[in-house]
Every structure is written in C-alpha cells, then in structure tokens.
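Here's the structure, in structure tokens; my notes come after.
No value in this document is a laboratory result; all are computed from the given coordinates. The structure presented is a predicted model; accordingly, all values stated were derived computationally and were not measured. Don't worry about glycine lacking a Cβ; one is built from the backbone with ideal geometry, like all the others, and counts go over all protein chains shown.
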Amino acid sequence: MDVQTMTELEDKVREAVGKVVDPETGMTFAEMQMITNVKEEEPGAFKVEFVPSSPFCPIAFKLAMDIKSVALTVPGVKKALIYCRGHMMEQQINEMTNKEQPQK
C-alpha cells in the first residue's frame, strides 16, 4: 500500500469521525475541532485522538465509543484505537474504549 492511499484513508476516517455530533452543543466534532489526530499505524489499524469540550465532560466515554463505532464503518478500517486527551479521567476512558473484545 502506498503512502498516497494511506493518506486518503486517513482523510476518510477523519471526515467520518468529524461528523459525530456532540450532544451537549449539537455541533459536529469537525466544527468544534475536537479531532486532533488521525493516523494509520499499520494497514487497517487507526489511532484517533480527540479532546472533549471540557476536562470534566460527563459523556467523554460515550463520545469515544461513538468515534470508534463510526471509524469502524469506514471501508478499509479493521481496528480503531480511540484516545481521549485532556480529560480528568482520560486514562480510564482510553482503557475502557480500547479494551480487546472477547472473540465469539
């Protein structure tokens, strides 16, 4: 896979997760500039970083899961690791959001 393709897929992921709406403001993550990084770490595996609207945002875990769900709908994405930054409970949110799901 060449760099150009990876960049296009990163753009598609950024565009998709940017459409997630913050229920507290009714604005999208793109409008609020909450998505700070989208990186394809290895083919099909993406890291997405976001900053919630406040360090005490009560729904940061829900937002992280919403971002993960949307990222996984983008064709070519096999894995999405979502990292909340700048939240008082970011470590717990990141661990819960990125916990490996048991295989069925």
### Query
If eta is 1.002 mPa s and T is 20 °C, what Stokes-Einstein diffusion coefficient results for the chain, Kirkwood Rh from Cα pairs, in µm²/s?
155 µm²/s
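Considering only region 3-97, what is the antiparallel percent among its DSSP beta bridges, to the nearest 5?
Looking only at bridges with both residues in region 3-97, the antiparallel portion is about 55 percent.
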#### Entry: Dipole magnitude (debye, nearest 20) for region 3-97, charges at Cβ of Lys, Arg, Asp, Glu
180 debye
### Summary
The farthest towards the positive end of the charge dipole of the chain, of the residues THR36, MET89, PHE50, given +1 on Cβ of Lys and Arg and -1 on Cβ of Asp and Glu, is MET89
### Message
Quick query: amide H of ASN37 versus all other amide H atoms, modeled in the peptide plane; which residues come in under 5 Å with a sequence gap of 5 or more or a different chain?
### Response
GLU49
### Query
Which of the listed residues, THR7, ALA80, THR25, is farthest toward the dipole's positive end in the chain, when Lys, Arg count +1 and Asp, Glu count -1 at the beta-carbon?
ALA80
### Query
Across 5 Å bins from the origin, how do the percents of Cα pairs in region 62-104 run, short distances first?
5, 23, 29, 23, 14, 6, 1
#### Entry: Residue-by-residue Karplus 3J(HN,Hα) for region 21-36, coefficients 6.51, -1.76, 1.60, Hz, glycine and proline x
9, 7, x, 6, 10, x, 9, 7, 4, 5, 4, 8, 6, 8, 8, 9
